[in-house]
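Encoded as structure tokens, the structure appears first; notes follow it.
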Amino acid sequence: MKTLFQIKEYGTIREGLSDEVHNTSELTINNNSFNSLANFIEDNQEQKDFNKAFAIGRRNGNRYIKVKNYVGVIETIDGLVIEILPKTFISKNGEEANVEKSKELLLTMLKSLKNSPFVNLNIAHLKERKNFPILEIFISSYLDELAILASKELRGDYVLTEDNTPFLKGKLLLKKHIKYNSAVQTKFYCEFDEFNKNIPPNKLLKTTLFKLKSITSSNKNKKKALKLLQNFDSVDISKSIDSDLFYCKTRKKSLDLYGCLIDWSEVFLKNKSFTSFHGKSINQAILFPMEKLFESYITQLLKKYCRGHIIDAQDKKYCLIGQKTTENDTLYSDKKFRLKPDIVFNKDEIILDTKWKVLNENSKKYDIKEGDIYQMHAYGRRYQSDATDNKAPRLGLIYPWNPNFENTILQMRYEGGKQSMLLDILSFDFDEEPEKEIKKIRDIFILA
């Protein structure tokens, strides 16, 4: 039987007795489960940005794990499931959003990720059953999509095959024919193309089904997986997941009918969300940096509620500096330090960046990181340098609302330069309707 717990960003996981009190800020788990998580963290210390996900330490002789700003779900081999949820607030009284609302927000943000399998997540399960596990939502979404494919037909392909056949077909392999048929006059050892469904994409789907069948705690999902496996009787289990994934990535156009299923398989088989976290002590780890989810979510909302405006996400047309390729290179052709603002409006008229950080309007500098201010300055001046009228773009930083950051901070201005460059600091309140919060942004930047 699996044990399900939830914890919010920046919460603490301690080792101890399994029957101690749990809440979304502090969680105590038994020693075996704690060791599994600790081993998982140690296995991934060298992974890029993993230090932004967890920190492990010791206090008063007892170990603890600090959850940082990655969210998602982890399942250990002993059946402990921990859902890490976004930390947001209810603006009316400053309390944190409850577990159900935090789960819904996480899944809504995941649906905003472009070119990902999460766009078709079915959030209805949360309304059907309180505390429905996130992992089961992922699994059921995969099974539902696979059922649609299976109702049509799995793709097949011509595979180069060798066999001793009763008639000549394809190319006769003379050496092997002599070896196997010197005393047999009715056989031909041939090499030929044979059409079958035992191809890499189908191998990945079958392998994923076997994994989901073993990790799901839902009888409904288990039955679905068993039923779908009947479509894969002639298909082998994948012997090299990496090779089969590479095969699929090089043939994306021919696999259109498979939709997001190959991406889903990569998520389940390789723990591939934004980064691949691995370890023998876990069954599954599907984790996402909140800063990326926040950026994707805000971008999607702006595109939805600011129709008629040109909006570019992760614009990459400029670099901060150029370097000479030769002594005579007066154009400084080697461009370095790519600038990638989150959101650019109307051909460089407005530049917005999202920051999943906690501000405090009562502190001297509002707890804004200096690096964020310098970054926006670099964006503004570089984009201004290519403007036909040398007009500086309007700049904006968007942070999540919290009880210490309720009001929009008074507008700032960068000093120096021939033209003023203005910076607005905005909050986005998850307790309000998204359209209302986007209207607030539109009003500040005078967007219709």
Please go through the range 314-350 and pick out each residue that is open to solvent by 90 Å² or more (accessible area, probe 1.4 Å) and either part of a helix (DSSP H, G or I) or among the hydrophobic types (A, V, I, L, M, F, W, C) (or both).
Leu331, Phe337
Here are some residues: Glu26, Glu42, Glu15. Which one is under 17 Å from Gly279 (Cβ atoms) and either open to solvent by 70 Å² or more (accessible area, probe 1.4 Å) or among the charged types (D, E, K, R) (or both)?
Glu42
Could you check how many residues of the range 8-37 are assigned to a strand (DSSP E or B) and under 21 Å from the mean Cα position of the chain (by Cα)?
1
Residues that are within 26 Å of Lys304 (Cα to Cα) and surrounded by 17 or more Cβ atoms within 10 Å (Cβ to Cβ), drawn from the range 410-436
Leu423, Asp424, Ile425, Leu426, Ser427, Phe428, Asp429, Phe430, Pro434
Restricting attention to the range 265-302, report how many residues are assigned to a loop (DSSP other than H, G, I, E, B), under 22 Å from Thr108 (Cβ atoms) and open to solvent by 60 Å² or more (accessible area, probe 1.4 Å).
1
Scan Ile262, Ile311, Ile237 and give me the residue that is at pLDDT 90 or above, in contact with a helix residue (DSSP H, G or I) (Cβ under 7 Å, 6 or more places away or on another chain), under 22 Å from Phe118 (Cβ atoms) and surrounded by fewer than 20 Cβ atoms within 10 Å (Cβ to Cβ).
Ile311
Name the residue that is farthest from the chain's Cα centre (by Cα), counting only residues in the range 138-179 that are open to solvent by less than 90 Å² (accessible area, probe 1.4 Å) and among the β-branched types (Val, Ile, Thr).
Thr165
Qualifying residues in the range 351-367 (those that are closer than 23 Å to Phe288 by Cα and of a type in the set (A, V, I, L, M, F, W, C)) - the one surrounded by the fewest Cβ atoms within 10 Å (Cβ to Cβ)
Val358
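Criterion first (open to solvent by 20 Å² or more (accessible area, probe 1.4 Å) and either within 27 Å of Thr3 (Cβ to Cβ) or over 17 Å from the mean Cα position of the chain (by Cα) (or both)) does Lys227 satisfy it?
Numbers: open to solvent by 20 Å² or more (accessible area, probe 1.4 Å): yes; either within 27 Å of Thr3 (Cβ to Cβ) or over 17 Å from the mean Cα position of the chain (by Cα) (or both): yes.
Yes.
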Within the range 240-250, can you find the residues that are in contact (Cβ under 8 Å) with a residue 40 or more places away in the chain and surrounded by fewer than 16 Cβ atoms within 10 Å (Cβ to Cβ)?
Ser243
Quick check on this structure: which one of Phe40, Phe5, Phe50 is within 25 Å of the chain's Cα centre (by Cα) and within 22 Å of Asn98 (Cα to Cα)?
Phe5
Scanning the range 372-409 for residues that are at pLDDT below 90 and of a type outside the set (S, T, N, Q), the one surrounded by the fewest Cβ atoms within 10 Å (Cβ to Cβ) turns out to be Asp389
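The values are calculated or read from the model by the stated rules, or taken from the named source; none is laboratory data. Computed from a prediction, not measured in an experiment: that's the story for all the values here. Cβ sites come from the backbone with ideal geometry, for glycine too, and all protein chains shown count toward neighbours. Surface accessibility is based on the protein's heavy atoms, side chains included, excluding ligands, DNA and RNA. Shrake-Rupley method; radii C 1.70, N 1.55, O 1.52, S 1.80 Å.
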